[in-house]
1. If you check residue B:170 against the conditions, is it over 17 Å from the mean Cα position of the chain (by Cα), away from chain A (no Cβ under 13 Å) and closer than 23 Å to residue B:86 by Cα?
2. If the requirement is being assigned to a helix (DSSP H, G or I), free of Cβ contacts under 8 Å to residues at least 40 places away in the same chain and out of contact with any strand residue (DSSP E or B) (no Cβ under 8 Å at 6 or more places or on another chain), which of these qualifies: B:236, B:226?
3. Mind checking whether some residue in region A:320-330 is within 14 Å of another protein chain (Cβ to nearest Cβ) and in contact (Cβ under 8 Å) with a residue 60 or more places away in the chain?
4. Would you call residue A:291 at pLDDT below 90, away from chain B (no Cβ under 14 Å), out of contact with any strand residue (DSSP E or B) (no Cβ under 7 Å at 6 or more places or on another chain) and surrounded by fewer than 21 Cβ atoms within 10 Å (Cβ to Cβ)?
5. Counting residues that are within 28 Å of residue B:1 (Cβ to Cβ), which helices (runs of 4 or more DSSP H) fully inside region B:82-185 reach at least 3?
6. Can you name the number of the only condition in (1) within 22 Å of residue B:58 (Cα to Cα); (2) more than 15 Å from the chain's Cα centre (by Cα); (3) touching a residue at least 60 places away in the same chain (Cβ under 8 Å) that residue B:158 fails?
7. Does residue B:21 satisfy the condition of being away from every other protein chain (no Cβ under 14 Å) and part of a strand (DSSP E or B)?
8. Checking the condition within 21 Å of residue B:93 (Cβ to Cβ), out of contact with any strand residue (DSSP E or B) (no Cβ under 6 Å at 6 or more places or on another chain) and surrounded by fewer than 24 Cβ atoms within 10 Å (Cβ to Cβ), which residue from A:315, A:272 passes?
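The values are calculated or read from the model by the stated rules, or taken from the named source; none is laboratory data. Since this is a predicted model, take the numbers as computed values, not measurements. Cβ placement follows ideal geometry from the backbone for every residue including glycine, while neighbour counts extend to all protein chains displayed.
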């Protein structure tokens, strides 16, 4: 069964398509626009729920009421206020942005490499970002204090950004020859690069002291806990910039589906498109990994799911991926912090538990194809 | 017109095309023929601006290397030999990709041109089908519809537009081969130009106004098909003795596209 057959089965797209009365035939833009509207609604609900729920009984409504009504602060309301405004809110916002960044980066990588299995985590960009961050944690202590102080909260995201960017460029250079990017080379190179960055990270862990080890463990697990407004200020601008820039690549990514030569024939500045996409992905993934560690499978599951419903047109796929990625990550986070409350399951475990079987299912359905 | 002079193309250090000169005029089908590996596709890619090359290439008098990709895209469109697509696009979505540059990108024209382009390649009613589910010949015609829609008007701002087709009929049955060659002819009658890499010598003889025979990366013969297609030229270029307008011996059936009524 191919991906296309799936679209025909009632469980997926066609029911939605009929209900949206698509016209003319083969045009899924009406379904796509409807999906976007639904996703905006879901995003708002997910953000609200994420701020309203948690291990403590703090009430978001009461806090908002207190803020608006100017009620006198009691000890209890102070506590609630801190929980809602300084713990849940930055966590919800950053969680949404990270989910959006990872999912959209997945969609961009898949479009650029013309392969539905490309993903920033799979091809080693995330591990490159993690290496950058770990490098900063371990070796940062020996760097000039003035430099560290001037970078402040931006040090880790910047290091992860550079790590992700260098990995992506390396990957792209290796996989591209004579203007053609080899998918097989890319996946193999991604595995090799992941192993290499993993080994270097291992050396750094070996060198690290106890405090640094604790900090490093944080990356491996992947978590949205400990989000602060400082971290929002450090990571959100990079992610937001990527989220704003990437939709402008939609037309080029659509054209490049037919190959880089065909994209050039259709008027796309291919080289500029590739570099913009790579820098945006490295930035978004780097900033996300820097504050949340390795959260896998969002980048591969979300765009795939959406292609089944709205098709591969990047003008809709990119924003829809961002929204659904945010919604799913917040959902996973709500699960992560409630199923064993008051303790927390690292969110990376939840996304891998749900994402890995989905990924295997995708592979099973592609078995008939010979290209990968 | 497209004018290439002393075109030399090297790939990975090996020279594939040696100082080839060819001119494709508006209103004419220019066919490039020759054996496998003679540099036909490479020449076409260089003229399309896709491969780095030495020598002069002008499109309507403009140096193509000085034009931006979008400036080229509104004046020439290129049909590649084969295209695989990783994502489940519908036929309509593929054809619409051709309408993202140039004067036809406006929403009210997109649906009309998409429908007309699909009808022109005899794929009316295929808009809702998935590209990957089509046969090779149908896919080739979808790509042609996309390429055609990119430069839908044969003349834009007083300048001719050019279709560059790399083996446009290679996967098609005889009826659709004729349909597509007729389409190319009509594009020329509308004031545009067509450059096509061809393997079918009979269709070339029927439809080409100008014929360029390539061998080993150079132009062996060029001119009107009636002038170029001689027994000696055929043997020199293709390496087998054939008689132009010869008839096989008794008992061997043969069929020529020339005799088709359509």
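1. Numbers: over 17 Å from the mean Cα position of the chain (by Cα): no; away from chain A (no Cβ under 13 Å): yes; closer than 23 Å to residue B:86 by Cα: yes.
So residue B:170 does not fit the description; no.
2. On the way: B:236 fails: out of contact with any strand residue (DSSP E or B) (no Cβ under 8 Å at 6 or more places or on another chain).
Matching residue, one of B:236, B:226: B:226.
3. Keep residues of region A:320-330 that are within 14 Å of another protein chain (Cβ to nearest Cβ), which gives A:321.
After this cut, where a residue has to be in contact (Cβ under 8 Å) with a residue 60 or more places away in the chain as well, the list is A:321.
Looking for residues that are within 14 Å of another protein chain (Cβ to nearest Cβ) and in contact (Cβ under 8 Å) with a residue 60 or more places away in the chain, one finds at least one in region A:320-330, hence yes.
4. Working: at pLDDT below 90: yes; away from chain B (no Cβ under 14 Å): yes; out of contact with any strand residue (DSSP E or B) (no Cβ under 7 Å at 6 or more places or on another chain): yes; surrounded by fewer than 21 Cβ atoms within 10 Å (Cβ to Cβ): no.
No.
5. Details: elements: B:91-97, B:107-120, B:136-150.
Here the list reads B:107-120, B:136-150.
6. That leaves (3) as the condition not met.
7. On the way: away from every other protein chain (no Cβ under 14 Å): yes; part of a strand (DSSP E or B): yes.
Considered against the rule, which asks whether it is away from every other protein chain (no Cβ under 14 Å) and part of a strand (DSSP E or B), residue B:21 comes out as yes.
8. Numbers: A:272 fails: within 21 Å of residue B:93 (Cβ to Cβ).
Of the residues listed, the single one that is within 21 Å of residue B:93 (Cβ to Cβ), out of contact with any strand residue (DSSP E or B) (no Cβ under 6 Å at 6 or more places or on another chain) and surrounded by fewer than 24 Cβ atoms within 10 Å (Cβ to Cβ) is A:315.
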